[in-house]
Amino acid sequence: MSDVNFDRRALLAASGVFALVGFASLRVPARAAGLAATPSMRGGANNYLPGAPIVARIGGGGFVMSGTVRRAGDGAPLSGQRIQIWAHTTEGSERDERSHGATMTDENGAFRLEMPQIIPALGQAHAHLAYDSGEYHTVFLRPLLPSSKVTSLDAHFILQSA
């Protein structure tokens, strides 16, 4: 019979190292997957007008819509991407052409567009945003405002290559 002398501390230390290495290797594939693309929201495309013009502001302003656009996977900011925005506001219905406008993202992938105050339509104060530049899959968002008194909203897109 062989003399194998188990040192309890050595066995625990070896088990800890084994577990640490094992768990670390399980995390690598999850980290490599990166950011998932933003899915289109139900109702987001309602009253969408393809080709809405790029504008400095929609109507008289008073409400600020802002956000970012990043690439799925690595999360890199995407500059020069077109974001269309429309809503039911104090100056018009979301069906009205004058309630639609588009803006472009800056070098940091950020966008900002001022528009009239958003008011409830069908019982909910909400906005519509669309990424529709074409280089990535089109995404429609329909974020709800917690109150019609809110004067700004951030919306973020993570886009998947088309």
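The values are calculated or read from the model by the stated rules, or taken from the named source; none is laboratory data. Remember, predicted model here, so these are calculated numbers, not experimental data. No Cβ is skipped: glycine too gets one built from the backbone with ideal geometry, and neighbour counts run over all protein chains shown.
Output the number of residues of region 34-63 satisfying the condition of being in contact (Cβ under 8 Å) with a residue 24 or more places away in the chain and either closer than 12 Å to residue 103 by Cβ or not in a loop (DSSP other than H, G, I, E, B) (or both).
The qualifying residues number 8.
Would you be able to tell me the number of residues in region 64-91 that are exposed (fewer than 15 other Cβ atoms within 10 Å of the Cβ), within 20 Å of the chain's Cα centre (by Cα) and part of a loop (DSSP other than H, G, I, E, B)?
Counting residues in region 64-91 that are exposed (fewer than 15 other Cβ atoms within 10 Å of the Cβ), within 20 Å of the chain's Cα centre (by Cα) and part of a loop (DSSP other than H, G, I, E, B) gives 5.
Select from region 92-144 the residues that are farther than 20 Å from residue 41 by Cα and basic (Lys, Arg) and write down the one among them that is farthest from the chain's Cα centre (by Cα).
Among those that are farther than 20 Å from residue 41 by Cα and basic (Lys, Arg), it is 98.
In region 55-86, what count of residues is obtained for those that are of a type in the set (S, T, N, Q) and out of contact with any Gly (no Cβ under 8 Å at 6 or more places or on another chain)?
Count: 1.
Can you pull out every residue in region 114-162 that is in contact with a strand residue (DSSP E or B) (Cβ under 9 Å, 6 or more places away or on another chain), part of a loop (DSSP other than H, G, I, E, B) and charged (D, E, K, R)?
Within region 114-162, 132, 135, 142 qualify.
Given the conditions (1) surrounded by 17 or more Cβ atoms within 10 Å (Cβ to Cβ); (2) small (Gly, Ala, Ser); (3) modelled with pLDDT of 95 or more, and given that residue 52 satisfies all but one, which numbered condition is not satisfied?
Only one criterion is unmet by residue 52, namely (3).
State whether the residues of region 95-105 include one that is surrounded by fewer than 17 Cβ atoms within 10 Å (Cβ to Cβ), touching a residue at least 12 places away in the same chain (Cβ under 8 Å), under 20 Å from residue 144 (Cβ atoms) and out of contact with any strand residue (DSSP E or B) (no Cβ under 8 Å at 6 or more places or on another chain).
Yes, some residue in region 95-105 is surrounded by fewer than 17 Cβ atoms within 10 Å (Cβ to Cβ), touching a residue at least 12 places away in the same chain (Cβ under 8 Å), under 20 Å from residue 144 (Cβ atoms) and out of contact with any strand residue (DSSP E or B) (no Cβ under 8 Å at 6 or more places or on another chain).
Do any residues in region 133-162 that are more than 18 Å from residue 63 (Cβ to Cβ) have Cβ atoms under 8 Å from those of residues that are surrounded by fewer than 15 Cβ atoms within 10 Å (Cβ to Cβ) and among the charged types (D, E, K, R), where the two are at least six apart or on different chains, and which pairs are they?
Here the result reads 161/135; 162/135, each pair linking region 133-162 to a residue that is surrounded by fewer than 15 Cβ atoms within 10 Å (Cβ to Cβ) and among the charged types (D, E, K, R).
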